[in-house]
Amino acid sequence: MTLLIFFAVFLSLAYFRVKLRTWSVVMVLLTAVGSFWGSTTTGLAVFLATLALVAILNLEPIRRVMLTRPLFSLFKRMLPSLSDTEREALEAGTVGWDGELFSGDPNWQKLLDLPQPALTEAEQAFLDGPVEELCRMLDDWLIVEFDKDLSSEVWQYLKEQRFFGMIIPPEYGGHGFSALAHSAVIMKISSRSITAAVTAMVPNSLGPAELLLHYGTQAQKDHYLPRLARGEEIPCFALTGPEAGSDAAAMPDRGVVCKGVFDGREVVGIRLNWEKRYITLGPVATLLGLAFKLYDPEHLLGDREELGITLALIPTDTPGVTIGSRHVPLDMPFMNGPNWGKDVFIPLDWIIGGAERAGQGWRMLMESLGVGRSISLPALSTGAGKLACRATGAYGRIRRQFRIPIGQMEGVEEAMARIAGLTYQMEAVRSLTCAAVDRGEKPAVLSAIVKYNATERMRQVLNDAMDVQGGSGICLGPRNILGRPYQAIPIGITVEGANILTRTLIVFGQGAIRSHPYVLKEMQAVANPDRAAGLRAFDENFFTHAGFTISTGARAFVSGLTGGRLLSVPGGPTQHLLQRASRLCSAFVLTAETAMLILGGNLKRKEKLSGRLADILSNLYLVSAVIKQFEDRGRPEEERPLVDWACAESFRVIETAFAEFFRNFPNRPVAWLLRLATFPLGIRPTAPNDRLGHRVASLLMAPSSTRDRLTAGIFVPTDIDDPLGRIEDALPKVIAAEAVEKKLRTAQRKRTIVVGDESQLMAAAVAAGIISAQEAEIVEQANAARSEVIRVDDFPPDYWCKGDEHE
């Protein structure tokens, strides 16, 4: 009984995260009472041991000598040394909501109190004007099949309307748009043409403008930013090479500080040699941003010989630069290709930020890449998802097989529910992450989460949409609305951090250190060259960390027993979802803490385990975004099915990842105990149920405000010569005809009219007074519109031979 009381008190103190001194007083009193009621000798021994432990923990000088110093030395031996690039990558960017998730007890009210993301009047006007007009100008079939490029008119329009200067402030001639507006522009264009979207997004993400804004000298800003905003300079950024893809820090491209002749006079500069590939806009670029490793063997800049990764801006007409060749990325004709530099000599002031920024390029890249990953690819992916919702959802109502709309068939309905639910997640995480960037955050971990999950959901959504579309999806031609986005899926999966490595190395590998409240601080303390200062910092953070872990374990266990129902979260229709998410946060943090403790540095090599932890963290962020979006919109009741489906799907992924993590954790006793502590009643991953899936799928197949919100922000043409325009025209006609068609089917079953071809059936029904002439016309219009939607393109036998004429 005494042990049970002791355990209950200990658990309560840990659960409520009581401070160490309060905990110490309670433990001393408890053992004192226990020694009085129990065996005198044993009780006294326990009391004295507790008193000694409390003294050691609370008296800082004693604690440092007896505990901190040995632990500090142990950690110093255990922790692998970090290279400069690894350290810069870990310290780059900022921590936002990911820090709350790693707390094990997220402050949901803090999230819900954030202002709702919104566009300014100027940003909305740009979307409604120039972006809308650009979309009308784009003929993606012509771009991809024949021209292999945007038309000259489109290129000129992009420059005139300053699409390449969306992030450049107005004082330099740009628009100065928010991240949300930048994202909205790319999303809308991507629903019309992947090629045009990529062309517009690259100058506004990882490129010279972003780097100049944050790190450039004033002279560099004054010279280049106006020219970039006006489109007088077409920028590209060269990072990837044959030997350095995802491991960009391993680039062999070299720059050597030396003296040379520039503009007719001898100056100290850099002689460069490089080979890059996969560089978007490279073939047409006039300004090349280049990443390379800089060396100073003659010590012209200082004592260091290896200065590190450096970034420079190089006009592409500089002697020694070779550029212009093109790659063909899955037949998408956006400009992309290799470039080379052979003995290219540049002055030091071409380094972005000037000579004082030499060797700082990796940190600059990490922070800029984080911003770019947060915006461009998630926007493109969300645009594709919304297009599939709008087009394939309507197609499921328009297209019939076995005399019913295919969307009413349960197998198709299952795919349609995924299309809608995953798109709802993409929109939620897109807007939440853009809002973080607009608040000044540079999300390192969250940018990796949103890039990975948005592009993977684009893959799933388009795969499902192609399954629903069937032959109309696989036959390319002017009528095909999804074929080209489907072709482009692997591009988003691959660029800006290949998804396999993003999931298994970056999301949790970086998040466990960067987003955790104590781990990075402990690593920095151990690495501090000032041992005394490092010891003080380590002492403060390690023991706070230990208390945090004990508390998290208690919360995970109690929440596992109660299903999180005791957790305090904001009330309302999403309360149960928030409680479940909080309960899983505690389980995640305890699992992550245990994995890092047991596996140490080997965890980063256990990529399958790390990937499963990344899945948990990612889906906790997705749940957060979905609930935030629903609350921001005023909790529309008709949107509840989407919220419930999206959260249920993420919870399924989270619990499946937990189960697989425990099943594969190499230390089996620890795995068993950890599973018991976090899921004492067992793990039962459950997918969204069929009834909920039916409600979600149904939202795609009829016009409604919910369907409009789900697909808001894409280009919706009114021209019935456009494939999406034909679908928009047909859907209300098909729905209007359904009541009349029901009358016809009833008459046929009763043999009131004789079955014939369509015209005979209509005539007989009108003659028999079953339907009116106006109703017959409604059905005829619906049938004609349906026929136009389900038609596919065909070409003459010599089409591919004639295609050579367009090369």
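The values are calculated or read from the model by the stated rules, or taken from the named source; none is laboratory data. Being a predicted model, the structure only gives us computed values, none of them experimental. FYI the Cβ positions are ideal-geometry reconstructions off the backbone, even for glycines, and counts take in every protein chain you see. These accessible areas exclude ligands, DNA and RNA; they are computed on the full protein's heavy atoms, side chains included. Shrake-Rupley method; radii C 1.70, N 1.55, O 1.52, S 1.80 Å.
Side notes on the structure shown:
- Of the residues Tyr215, Tyr278, Tyr295, the single one that is closer than 30 Å to Phe177 by Cα, more than 24 Å from the chain's Cα centre (by Cα) and aromatic (Phe, Trp, Tyr) is Tyr215.
- Within region 564-589, the set of residues being closer than 19 Å to Ala657 by Cα and either in contact (Cβ under 8 Å) with a residue 40 or more places away in the chain or among the aromatic types (Phe, Trp, Tyr) (or both) comprises Leu577, Arg580, Ala581, Ser582, Leu584, Cys585, Ser586, Ala587, Phe588, Val589.
- Of the residues making up region 113-130, at least one is farther than 22 Å from Ala197 by Cα and over 21 Å from the mean Cα position of the chain (by Cα).
- Some residue of region 445-454 being in a helix (DSSP H, G or I), closer than 27 Å to His214 by Cα and open to solvent by 10 Å² or more (accessible area, probe 1.4 Å): yes
- Residue in region 790-798 that is without any contact (Cβ under 8 Å) to a residue 40 or more places away in the chain and among the hydrophobic types (A, V, I, L, M, F, W, C) present: no
- Residue count for region 683-705, restricted to those that are open to solvent by 20 Å² or more (accessible area, probe 1.4 Å) and either assigned to a loop (DSSP other than H, G, I, E, B) or touching a strand residue (DSSP E or B) at 6+ places or on another chain (Cβ under 6 Å) (or both): 10
- Flag for Thr718 being within 30 Å of Ala184 (Cα to Cα) and open to solvent by 20 Å² or more (accessible area, probe 1.4 Å): yes
- Checked against (1) without any contact (Cβ under 8 Å) to a residue 60 or more places away in the chain; (2) in contact with a helix residue (DSSP H, G or I) (Cβ under 7 Å, 6 or more places away or on another chain); (3) of a type in the set (Lys, Arg), Arg555 passes all but a single condition, namely (1).
- Test result for Ile481, over 23 Å from Glu649 (Cβ atoms), open to solvent by less than 50 Å² (accessible area, probe 1.4 Å) and under 17 Å from the mean Cα position of the chain (by Cα): no
- Against the list (1) closer than 23 Å to Asp247 by Cβ; (2) part of a loop (DSSP other than H, G, I, E, B), the condition Met332 fails is (1).
- Count of region 485-515 residues, restricted to those that are outside any loop (DSSP other than H, G, I, E, B) and either open to solvent by 20 Å² or more (accessible area, probe 1.4 Å) or within 12 Å of Lys451 (Cα to Cα) (or both), is 19.
- Those residues of region 337-372 which are over 16 Å from Gly255 (Cβ atoms) and either open to solvent by less than 10 Å² (accessible area, probe 1.4 Å) or part of a loop (DSSP other than H, G, I, E, B) (or both), in sequence order: Gly337, Ser368, Gly370, Gly372
- Per-region count, region 322-336, residues buried (at least 20 other Cβ atoms within 10 Å of the Cβ) and either in contact with a Cys (Cβ under 6 Å, 6 or more places away or on another chain) or farther than 26 Å from Ser190 by Cβ (or both): 1
- Pairing residues of region 590-610 that are surrounded by fewer than 16 Cβ atoms within 10 Å (Cβ to Cβ) with residues that are assigned to a helix (DSSP H, G or I) and β-branched (Val, Ile, Thr), at Cβ distances under 7 Å and at least 6 apart in sequence or on separate chains, gives Ile598/Val670.
- Of the numbered criteria (1) out of contact with any Gly (no Cβ under 6 Å at 6 or more places or on another chain); (2) farther than 21 Å from Arg675 by Cα, the one Leu567 fails is (2).
- The residues of region 324-349 that are over 32 Å from the mean Cα position of the chain (by Cα) and aliphatic (A, V, I, L, M), listed by number, are Val344, Ile346, Leu348.
- Against the numbered list (1) outside any loop (DSSP other than H, G, I, E, B); (2) in contact with a helix residue (DSSP H, G or I) (Cβ under 6 Å, 6 or more places away or on another chain), Asp708 comes up short only at (2).
- Just so you know, in region 590-630 the residues that are over 17 Å from Trp108 (Cα atoms) and of a type in the set (Ser, Thr, Tyr) include one that is nearest to the chain's Cα centre (by Cα), and it is Ser610.
For (1) hydrophobic (A, V, I, L, M, F, W, C); (2) in contact with a Pro (Cβ under 6 Å, 6 or more places away or on another chain), each residue gets a yes or a no:
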residue: Ala420; (1), (2): yes, no
residue: Met426; (1), (2): yes, no
residue: Ala435; (1), (2): yes, yes
residue: Tyr452; (1), (2): no, no
residue: Gly470; (1), (2): no, no
residue: Arg479; (1), (2): no, yes
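- Candidates Gly470, Gly440 - the one that is open to solvent by 20 Å² or more (accessible area, probe 1.4 Å), over 10 Å from the mean Cα position of the chain (by Cα) and under 19 Å from Leu114 (Cβ atoms): Gly440
- Taking the criterion of being open to solvent by less than 40 Å² (accessible area, probe 1.4 Å) and over 32 Å from the mean Cα position of the chain (by Cα), the residues of region 526-541 that qualify are Val526, Ala533, Gly534, Leu535, Ala537, Phe538, Asp539.
- Pair list, Cβ under 6 Å, 6 or more apart: region 293-322 residue in contact (Cβ under 8 Å) with a residue 12 or more places away in the chain and on the phi > 0 side of the Ramachandran plot, other residue surrounded by 14 or more Cβ atoms within 10 Å (Cβ to Cβ) and assigned to a strand (DSSP E or B): Gly320/Gly341; Gly320/Val344
- Residue match in region 638-657 (condition: open to solvent by 50 Å² or more (accessible area, probe 1.4 Å) and over 21 Å from the mean Cα position of the chain (by Cα)): yes
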